[in-house]
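Single-structure report; data block below.
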Amino acid sequence: MGRTASRTSSYLSEIVANLRAASGSSLAAVLTIAAVVAIFGALVMLRATLDETARVWERLTPVVLFLEENLPLPEVRALRTRLRRQPGVLEIEFISKEEALQEFQDASLPGRAAAREALAWLEGNPLPASLVLRYDQGAPNAPAARDLVAELATWPGIEEVATGADAGAPARRLRYAFGPLARTMGGLLALGLLVVVVNTVRLTIAARGEEVAIMRLVGASPMFIRLPLLCEGMLQALAGALLAIVFLAGLAAAWPAQLLPLLPAGAAPPHLQVLPLWHAVGLVAAAAALGVVGGFVAVRCYLKV
Amino acid sequence: MSEPSPAFQYCDVYLAGVRKAFGPRQPVLVEVTLDVLHGEFVLLTGPSGAGKSTLLRLLHGELRPDAGEAVVLGTDLATLRASQVHLLRRQVGMIFQDFKLLPRRTLFDNVALGLRVLGQPRRAIERRVRHLLHWVGLGRRVADYPGSLSGGEQQRAAVARAVAAEPRLLLADEPTGNLDAANALDILQLLSELNLRGTTVLLASHDASLQQHLEARVMTLEHGKVLGSHGANR
Ligand SMILES: Nc1ncnc2c1ncn2[C@@H]1O[C@H](COP(=O)(O)OP(=O)(O)OP(=O)(O)O)[C@@H](O)[C@H]1O
Ligand SMILES: [Mg+2]
């Protein structure tokens, strides 16, 4: 036991000697690794955010209530107030005939061009005004909301009820397009981290080459020389990854307040996901493992013992 | 690997027909045959460039013989694996011709090195190192760096480091190389003292006159061979 303790302490002082020998490059390595891991973590966060955004938007799928032609505004207002009081309704939005036309003309989906032309032949504006109702399909009172939607067609003033398009689709499409990109980036970042570690450990070996040779001459085992170098690679990666996690956590905390105003006005806010704990732990562990591998490669290629 | 013959039991060093060349050049050691018995003090002399350092480095596991038989403390050097060399070195102390002290470590750390690589407890190392530095007359210089020491002081520090782990065999390469007569005598005194306490000593020096101050068997290395062996054969 005492022997193990003293052996451990001499290994530890070797690690310290290593870190000191190339402290400048160690610090640079830690910061570079932090940047690399932060980028990767941001990608993971972005992906989780797209997922969550798609899910929430899916749940908030709108129900469009087309109104009777020429329904007077006070009645529209009364209808709106009545709807808002119903259980489960989250949001209710009025779209006038003019707005509907405007939106139709703005939308540049394929097939619309022909429709737009046909519209131009018609006199005036054939599009009806509507109320758009949103409810949360995941909420406990969703059944009540669904019942409401079912009977809305019989309400006075409402011409027709249409369940809107899948609002989650754009976010989901983005997320699928994002997958291969994230994987490629992840691979490149891992490679970058490996190169950084190999290089700093190589610098340490160069800085301590003579010392290490003399230690061998007085009876140091190859393991006594190698293990601290492997640990150095791991410690750098570990420190860098932890730094990155702290940065990302800070970013996530500051996001709503700092970044929301930067979004274009009227854009639906994405549902930012903080890096889940087990993702963060996995990221740190993966970085540390890459650190060990980097140390191993450097020791293999550059250390002569 | 053949079983070592029983004669090895009494030999700390056994060389038979050892040959060593660097590259395609004329071999430095042509056919060296010698033995050093356990507890002996052997002085190996020979002109500069005769191959004394080469021979000692070979015994220390730094170089491998090209041919011949070489056994140190029962270890066959021809088959010794690189990953096992440290086990031999923990029993064979070496005073290097160029000291090989670590310039960025204090005297204390330099001497402690050989004990730290063994994983000895901190307390024990502290006690042993202070004792050794006191013994070689450097008790007041523990915290100094090698660069601030004179040549003779560095040489004495090298002696302290070489014997720190109580090796069974001590190889001393020109340990009096750049010392004045009085300092040289001091070092010889230290080595004799160690030898009296049971350490086998093999001292290499171009200065054959050292034998006047030593009770040692003298061997001469010349033209790649050990020529003579005479003197105290205890
Ligand atoms: N690593 C090496 N590569 C090539 N030649 C070497 C090497 N080491 C030693 N030699 C050569 O071997 C010969 C013997 O060198 P060595 O250092 O063993 O001599 P020495 O007897 O110790 O001399 P000195 O008394 O000057 O220390 C020299 O000619 C030297 O140039
Ligand atoms: Mg020499």
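The values are calculated or read from the model by the stated rules, or taken from the named source; none is laboratory data. Here the structure is a predicted model, which means the values were calculated and not measured. Neighbour counts are summed over all protein chains in view; Cβ atoms, including those assigned to glycine, are modelled from backbone coordinates with ideal geometry.
Per-structure values
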| read-out | value |
| --- | --- |
| Residue tally, condition farther than 12 Å from residue B:39 by Cα and in contact with a strand residue (DSSP E or B) (Cβ under 6 Å, 6 or more places away or on another chain), over region B:168-190 | 5 |
| Residues of region B:79-107 classified as of a type outside the set (D, E, K, R) and without any contact (Cβ under 8 Å) to a residue 40 or more places away in the chain, total | 9 |
| Extreme residue, farthest from residue B:12 (Cα to Cα), among residues of region B:195-226 that are more than 16 Å from ligand 1 (Cβ to nearest atom) and either of a type in the set (Ser, Thr, Tyr) or crowded, with 22+ Cβ neighbours inside 10 Å (or both) | B:216 |
| Residue within region A:244-261 that is at pLDDT below 90 and touching a Pro at 6+ places or on another chain (Cβ under 9 Å) present | yes |
| Check on residue B:155, within 16 Å of ligand 1 (Cβ to nearest atom) and under 16 Å from the mean Cα position of the chain (by Cα) | yes |
| Criterion (under 20 Å from residue B:163 (Cα atoms) and surrounded by fewer than 19 Cβ atoms within 10 Å (Cβ to Cβ)) met by exactly one of B:81, B:89, B:105 | B:105 |
| Within region B:162-209, tally of residues that are of a type in the set (A, V, I, L, M) and assigned to a helix (DSSP H, G or I) | 13 |
| Only one of A:240, A:250 that is away from chain B (no Cβ under 14 Å) and buried (at least 18 other Cβ atoms within 10 Å of the Cβ) | A:240 |
| Residue in region B:196-218 that is more than 16 Å from ligand 2 (Cβ to nearest atom), within 14 Å of another protein chain (Cβ to nearest Cβ) and under 19 Å from residue B:99 (Cβ atoms) present | no |
| Which listed residue is over 40 Å from the mean Cα position of the chain (by Cα), at pLDDT 90 or above and of a type outside the set (Ser, Thr, Tyr), from A:212, A:198, A:218 | A:218 |
| Test: residue in region A:21-42 that is surrounded by fewer than 14 Cβ atoms within 10 Å (Cβ to Cβ) and within 14 Å of chain B (Cβ to nearest Cβ) | yes |
| Test: residue in region B:63-72 that is closer than 21 Å to residue B:168 by Cβ and within 16 Å of ligand 2 (Cβ to nearest atom) | yes |
| Count - residues of region B:11-50 that are farther than 26 Å from residue B:209 by Cα, β-branched (Val, Ile, Thr) and surrounded by fewer than 21 Cβ atoms within 10 Å (Cβ to Cβ) | 0 |
| In region B:93-129, residue farthest from ligand 2 (Cβ to nearest atom) [restricted to those that are closer than 22 Å to residue A:6 by Cα and among the charged types (D, E, K, R)] | B:123 |
| Residue in region A:45-68 that is β-branched (Val, Ile, Thr), within 30 Å of residue A:231 (Cβ to Cβ) and assigned by TED's automatic domain parsing to the domain that holds residue A:284 present | no |
| Candidates A:81, A:53 - the one that is part of a helix (DSSP H, G or I), in contact with a Lys or Arg (Cβ under 9 Å, 6 or more places away or on another chain) and of a type in the set (Ser, Thr, Tyr) | A:53 |
| Odd one out for residue A:18, checked against (1) away from chain B (no Cβ under 14 Å); (2) within 14 Å of residue A:235 (Cα to Cα) | (1) |
